[in-house]
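Since the structure comes first, as structure tokens, the remarks are kept for the end.
What follows is calculated from the coordinates using simple rules that are stated; it is not laboratory data. Here the structure is a predicted model, which is why all the values come from computation and not from measurement. Heads up, the Cβs are rebuilt from the backbone with ideal geometry, glycines too, and the neighbour counts pull from every protein chain shown.
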């Protein structure tokens, strides 16, 4: 029996473990689709996506169409004669005619427990909302946005110290595991059960906007803590400490009453800088000055000794 022919579509670092899982499964990855090279870095040089680089390193043909909507792009895809297309954070919409090309259709690895957090930024939205758990779903794709039936699922708790980065990395590994499981079963002749998503509980994870990173100290401290964690490593929370704009890399909420004006520095020492919020106190423990690097609160206070207060 010939090996399963897979076309893989993905772009960011999150997708790379899934590409590796496809290659390790015994299937044949006949082509990789990824976003066109984009300017990056200080020099704004055109830079290949992490998935493109992984494909080139593996000697896999790479396709980078601007869109899959035109007939030429569909014909080129069909020429690879894929049995299955695996899509992981690709970044382009797949039209119905594309979904119909592979014999087994298209699978998507999505970083949430569907139908919660359909859309572009499920990892950060889960942290922002204070969700207790997240996970990855292996979904049979259809024309709607992340609306297809779920084939397999893996779950993981969201810890109190999880950031957008740490949860991203954990879900990338789980995504590769659930995909590998699905491929193993299908290649063994099993037909996976496609479970329709329930109508209740649908939420959308809209794309992140840098403007969302601004800390509003009139909000509850717990909401700001989640904001700081969700936006690490991008776009990084921003706020003011005693009049100075800073990026806030790490902070935790303290449930303590305060009658002070939100944004007021209540105390500052080696353990952190306590700032009054609409509810509770936000203790900032790692931050970054303009043009500087990430530092701890103690190092920041070495430069702003006037803020130091006894605890």
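Restricting attention to the range 211-307, close to 90% of DSSP beta bridges with both partner residues there are antiparallel. Tell me, what is the FRET efficiency for residue 308 and residue 20 to the nearest 0.05, using R0 = 45 angstrom and their Cβ-Cβ distance as r? Plugging the Cβ-Cβ distance into 1/(1 + (r/R0)^6) gives 0.35. Compared with the dominant Cα axis of the chain, that is its longest principal axis, helix 221-230 is turned about 40°. For residue 57 and residue 81, the FRET efficiency from 1/(1 + (r/R0)^6), where r spans their Cβ atoms and R0 equals 25 Å, is about 0.55.
Spin-label model, residue 96/residue 161: points 7 Å from Cα along the beta carbon direction are separated by 5.1 nm. Centre-to-centre separation between the Cα atoms of the range 77-123 and those of the range 204-272: 36 Å.
Sorting 112-122, 186-196 by average packing, meaning the other beta carbons within 10 Å per residue, from highest down gives 112-122, 186-196.
Determine the calculated [θ] at 222 nm for the chain from helices alone, applying -39500 (n - 2.57) to every DSSP H run no shorter than 4 residues and normalising by the residue count; nearest 500 deg cm²/dmol. Before the final figure, lay out the partial values.
Numbers: 8 runs with 79 residues, N = 311.
After summing the helix terms and dividing by the residues of the chain, the value is -7500 deg cm²/dmol.
Take each peptide in 133-142, 294-303, count the other Cβ atoms within 10 Å of every residue, and average; sorted highest first, the result is 133-142, 294-303.
Determine the relative contact order of the range 211-307: mean sequence separation of Cα pairs under 8 Å and six or more apart, normalised by residue count, in whole percent. Don't skip to the end; give the middle numbers.
Numbers: 213 pairs, mean separation 25.6, N = 97.
Across the range 211-307, relative contact order equals 26 percent.
Packing, as the average of other Cβ atoms within 10 Å across residues, places the peptides 62-72, 7-17 in the order 7-17, 62-72, highest first.
Of the beta bridges in the range 5-205, as assigned by DSSP with both residues counted there, near 45 percent are antiparallel. Short-range pairs are left out: with C-alpha atoms under 8 Å and at least six residues apart, the relative contact order of the chain is 13 percent. Relative intensity of the range 211-307 on a log10 scale, I(q)/I(0) at q = 0.19 Å⁻¹, equals -0.81, per a Debye sum over C-alpha point scatterers of equal strength in the absence of solvent.
Centre-to-centre separation between the Cα atoms of the range 5-64 and those of the range 129-156: 22 Å.
Please compute the Kirkwood hydrodynamic radius of the range 133-246 from all pairs of different C-alpha atoms, in Å with one decimal. Before the final figure, lay out the partial values.
Numbers: mean 1/r = 0.0593 Å⁻¹.
16.9 Å is the Kirkwood radius here.
Working from label points 7 Å from Cα in the Cα-to-Cβ sense, the residue 38 to residue 199 distance is 3.7 nm. Extending 7 Å from the Cα toward the beta-carbon at both residue 133 and residue 28 defines two label points whose distance is 4.0 nm.
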